[in-house]
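Chemist: Below is the structure I would like to discuss, written out as structure tokens.
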Amino acid sequence: MSIMRRILIVPAALVLALALGYSLLWVYAAQRLEDGFIAWTQVQASRGHSFEHGPLALSGFPGPIRLAIDAPRYASRKTEWRWSAERADLEMRPWDWWTYRLDIHGQQSVTLPLNGAAEQLSARAGAAFVIAEVDNRGRVTQGALHVDDLALGDAAGGELVAAGKVRATAQRLRSGAAPHEDAALDVQLEAKSVTLGPPVHSPLGARLDEVGFSASVRGALPDTVSKESVDAWRRDGGTVEVARFHLLWGALELHASGTMALDELMRPLGAVSAEIKGYGETLAALERAQILPRKAAAGSRLALDLLSRPDGNDGRRVVTIPVSAQNGALYLGPVRMVRLEPIPFPARQD
């Protein structure tokens, strides 16, 4: 055998060995993904939940491993809420076993037990996926939600809300019980081009250009979003530290930060410091909708005019004022604005 042939054979054999090794790794990781998904469904069943689905199919070689899940259906016997979709794809890269992506396709259905009745909702999006990172015990440590062109409707097909873009992230900072002053979860949410459907009548109009917040949840996280679990978190001193909240709704522009919690009736409770632009137009809209009496609107406008200043960027009047939620009402400074109802968390089913 000539030296030239030996020189060619060595790298060819190396490439073949690498290709074979990668193929074996891909097959092993793919089987691990499918087995892990099946094991997860079994764990959910042992915890009082169920996750049913149609046939599973693996694909994607030589790229990311894709597990197609036909007709996924999730139900919680603890809170009586259900979710289903036409199809979902679970993806994992064969060289990264700690990061997963879940794409949701087609029509989705969600059933929530609200105020003692089952409320059925439908959802459809142009794109919807979740990226999650897990630790070596299989616990989710952080995740991100991406949704474009979301349409949320009722069972009859009526549109409740639509959004052009929704982005959310959550990062678990620790697990287990801890003092209430410790942060357990960091959460961020951004939604743009939000349109409220006909069932929601707002004096500020049906279009929200942008709404979002960045917050830290303090106290031991509840195991479910049931009324009992959230109430236990509240009674243990659980609070939400809002580092940033912003809202662009018609003429109203609001930026705020502060601390929020829940009272014994599960109504919002807390106080924030807010910078507000467009307060004059907002008060006028509340007056036209007969939410504020004329004298209260006029008095509030005069007081805010005295406290406001021109903004250095756009020249609009801006006022910094405390906004509080207490005793089932929202207050702008000392002025009672609107009534706050209890948040309808579903009851836990033991």
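Chemist: Being in contact with a Phe, Trp or Tyr (Cβ under 9 Å, 6 or more places away or on another chain), modelled with pLDDT of 85 or more and not in a helix (DSSP H, G or I) is true for just one of MET266, MET337. Which residue is that? Give the steps one after another, and end with the answer.
Modeler: Numbers: MET337 fails: modelled with pLDDT of 85 or more.
Step by step, each of MET266, MET337 is checked, and only MET266 is in contact with a Phe, Trp or Tyr (Cβ under 9 Å, 6 or more places away or on another chain), modelled with pLDDT of 85 or more and not in a helix (DSSP H, G or I).
Chemist: Okay, next question. Can you find even one residue in segment 248-268 that is within 19 Å of ALA206 (Cβ to Cβ), out of contact with any Asp or Glu (no Cβ under 9 Å at 6 or more places or on another chain), surrounded by fewer than 18 Cβ atoms within 10 Å (Cβ to Cβ) and in contact (Cβ under 8 Å) with a residue 24 or more places away in the chain?
Modeler: No, segment 248-268 has no match at all.
Chemist: Pick from PRO342, PRO322: which is surrounded by 14 or more Cβ atoms within 10 Å (Cβ to Cβ), of a type outside the set (Lys, Arg) and touching a residue at least 60 places away in the same chain (Cβ under 8 Å)?
Modeler: Among PRO342, PRO322, only PRO342 is surrounded by 14 or more Cβ atoms within 10 Å (Cβ to Cβ), of a type outside the set (Lys, Arg) and touching a residue at least 60 places away in the same chain (Cβ under 8 Å).
Chemist: So, in segment 283-320, how many residues would count as being of a type in the set (Val, Ile, Thr) and modelled with pLDDT under 90? Please lay out each step first, then the result.
Modeler: Quick first cut of segment 283-320, residues of a type in the set (Val, Ile, Thr) only: 291, 318-320.
Filter once more, keeping what is modelled with pLDDT under 90: 291.
Final tally of qualifying residues: 1.
Chemist: For a quick check of your reading: which strands (runs of 3 or more DSSP E) sit entirely within segment 38-121 and have at least 3 residues that are touching a residue at least 12 places away in the same chain (Cβ under 8 Å) and among the polar types (S, T, N, Q)?
Modeler: On the way: elements: 49-52, 56-59, 65-70, 73-76, 82-93, 96-114.
Answer list for segment 38-121: 96-114.
Chemist: For LEU204, only one of the following conditions fails: (1) touching a residue at least 60 places away in the same chain (Cβ under 8 Å); (2) under 24 Å from SER324 (Cβ atoms); (3) out of contact with any Ser or Thr (no Cβ under 8 Å at 6 or more places or on another chain). What is its number?
Modeler: (3)
Chemist: Among the residues of segment 149-158, are any of a type outside the set (A, V, I, L, M), under 15 Å from the mean Cα position of the chain (by Cα) and modelled with pLDDT of 90 or more?
Modeler: There is no residue in segment 149-158 that is of a type outside the set (A, V, I, L, M), under 15 Å from the mean Cα position of the chain (by Cα) and modelled with pLDDT of 90 or more.
Chemist: Also: Mind counting the residues in segment 277-317 that are in contact with a Ser or Thr (Cβ under 8 Å, 6 or more places away or on another chain) and within 16 Å of LEU252 (Cα to Cα)?
Modeler: The qualifying residues number 3.
Chemist: Here is a list of conditions, (1) assigned to a loop (DSSP other than H, G, I, E, B); (2) touching a residue at least 60 places away in the same chain (Cβ under 8 Å); (3) aliphatic (A, V, I, L, M), and LEU292 meets all of them except one; can you say which number that is?
Modeler: Of everything listed in (1) assigned to a loop (DSSP other than H, G, I, E, B); (2) touching a residue at least 60 places away in the same chain (Cβ under 8 Å); (3) aliphatic (A, V, I, L, M), LEU292 misses just condition (2).
Chemist: Is it the case that some residue within segment 127-146 is touching a residue at least 40 places away in the same chain (Cβ under 8 Å) and part of a loop (DSSP other than H, G, I, E, B)?
Modeler: Checking segment 127-146: at least one residue is touching a residue at least 40 places away in the same chain (Cβ under 8 Å) and part of a loop (DSSP other than H, G, I, E, B).
Chemist: Which residues, taken from segment 238-247, are hydrophobic (A, V, I, L, M, F, W, C) and surrounded by fewer than 16 Cβ atoms within 10 Å (Cβ to Cβ)?
Modeler: Step one: filter segment 238-247 for residues hydrophobic (A, V, I, L, M, F, W, C), giving 240, 242-243, 245, 247.
Within segment 238-247, just ALA243 meets the criteria.
Chemist: Being loosely packed, with under 15 Cβ neighbours inside 10 Å, within 17 Å of the chain's Cα centre (by Cα) and modelled with pLDDT of 90 or more is the requirement here; does ALA127 meet it? Before you say what the answer is, go through the steps one by one.
Modeler: Working: loosely packed, with under 15 Cβ neighbours inside 10 Å: yes; within 17 Å of the chain's Cα centre (by Cα): yes; modelled with pLDDT of 90 or more: yes.
Criteria met by ALA127.
Chemist: Do we have ASP311 as under 25 Å from ARG244 (Cα atoms), among the charged types (D, E, K, R) and touching a helix residue (DSSP H, G or I) at 6+ places or on another chain (Cβ under 9 Å) here?
Modeler: No.
The values are calculated or read from the model by the stated rules, or taken from the named source; none is laboratory data. Only a predicted model underlies this, so the values are computations on that prediction, with no experimental measurement involved. Quick reminder, even Gly has a Cβ in these numbers, built from the backbone with ideal geometry, and neighbours come from all protein chains shown.
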